[in-house]
Every structure is written in C-alpha cells, then in structure tokens.
Amino acid sequence: MQVLRNEPDAPQDLRDKALRLAGRVIEFDPDVRGGDGWRIARDILESGRALAQMDVLIDAQGRRAPAPTLGALTHEVAAPQAGTVAAIDNLQLARIARLAGAPQVEGAGVDLLCKVGAPVAAGQLLYRIHACYPADLRFACDLAGRGSGYQIDPARAALG
C-alpha cells in the first residue's frame, strides 16, 4: 500500500519489481510498443489510478477493520554482530510470534525491522516482540534467546 500511495519511504525494491511486472503485462496489448510498458505502468502508479483501482477492489471485497493496537509489552532483538542479514528462519519467527500470543491475542506478534540482504551493525534492532501478557512475552523472549531466527553473515559486513 505504501507503493500504491507513492509514499517516500515505500520499499523501492517492491516498487521496481511491480513496475517491471506491470510493464510486461501492459506490453501484452498489441497496441503498446515494446519497451513502453514500464513508462505506462509508472504513469498509472504516479497518477493515483493504481491506488484508485485497488480501493475499488478492496471495497468490493469488504474493507478490514483498522489494525489492532500493538501489545504494550515489548522486547527488542538486536544483531549480535555486524554483517549482512543472510537468511531469516520464518518458522522460528512464527514460533516466537505464537508464544507471544499471535494470532489469538490481538496485537501480539513480531514486528520485523530488517530484511534479507540488509546490512546491520552490531546491536542494531532486527525485530521487536509484542505481547499483551507478561508470561507470553517471557516465553517468546526465552525462545528468541535460544535462536533469533536471523542469520548474520559477518563476512559481508557493511563498509563505511
């Protein structure tokens, strides 16, 4: 949605991939000259027409309620060393989120702050655990302490 809203902090890699894919689909039209699809897709996105069409689809399917308030009890998990995020174990993060109370407890879960390929400094936050009950937070923190779910490659440490 950040990309569709043309927000400045929208993920640039997602925007680029979406424009390339949309451009290729647009070029299926025999009236569109090869190579013009990306430009047309960009114009549709930047004009707000893509967001307007998404709103039509969302309204047709029924809008969701606003996102719940995140659990007030938190624990932050930081990178143990500098490097690059080489992999994220989604199963481990799902286990941590479940122990925090998700999906049964509204507002419980894991807020990811770094993605694969991101350079990280030692001590930089990787994710934040949210819980509503102290016991749930303790269980989630214990599991995260045994394995964060993030693999940091120190050989690819950020330069500078």
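Here the Karplus relation 6.51 cos²θ - 1.76 cosθ + 1.60, evaluated at θ = phi - 60°, turns the backbone of the stretch 70-76 into coupling constants of 5, x, 6, 8, 9, 9, 9 Hz, with x for every Gly and Pro.
Between the amide H of Tyr150 and those of Asp89, distances stay under 5 Å, these residues lying 5 or more places away or on another chain, with hydrogens modeled in the peptide plane. Treating r as the C-beta distance of Arg128 and Ala18 and R0 as 25 Å, the FRET efficiency rounds to 0.40.
Placing unit charges on the Cβ atoms only, positive for Lys and Arg and negative for Asp and Glu, gives the chain a dipole magnitude near 260 debye about its Cα centre. Exposure proxy shown here: for Ile129, Ile44, Ile58, the number of other Cβ atoms within 10 Å sets the order, fewest to most, as Ile58, Ile44, Ile129.
The gain in end-to-end length when the Ala86 to Gln104 segment is fully stretched comes to 3.4 nm, 0.36 nm per residue minus the alpha carbon separation. Per-residue ellipticity at 222 nm, computed for the chain from helices alone with -39500 (n - 2.57) per DSSP H run of at least four residues, works out to -12500 deg cm²/dmol. Loop-located trypsin sites (Lys or Arg not before Pro) in the stretch 37-112 (DSSP state other than H, G, I, E, B) with a sparse environment of at most 15 neighbouring Cβ atoms within 10 Å: Arg63, Arg64. Please say if the stretch 50-154 is rounded, prolate or oblate, where rounded means a/c under 1.5 for a ≥ b ≥ c the square roots of the C-alpha gyration tensor eigenvalues, and otherwise the choice is prolate for a/b larger than b/c and oblate otherwise? Oblate, because a/c is 1.5 or more while a/b does not exceed b/c. Put simply, the amide H of Val120, placed in the peptide plane, has neighbours under 5 Å in Gly83, Thr84, Val85, Ala158, leaving out anything fewer than 5 places away on its chain.
Between Leu70, Leu125, Leu14, the GNM of the chain built on Cα springs shorter than 10 angstrom shows Leu14 fluctuating the most.
Where a number appears in this text, it was derived from the coordinates with a stated rule and is not lab data. Small disclaimer: the values here were computed from a predicted structure and weren't measured. Methodologically, a virtual Cβ is constructed for each residue, glycine included, from the backbone with ideal geometry; neighbour enumeration extends over all protein chains shown.
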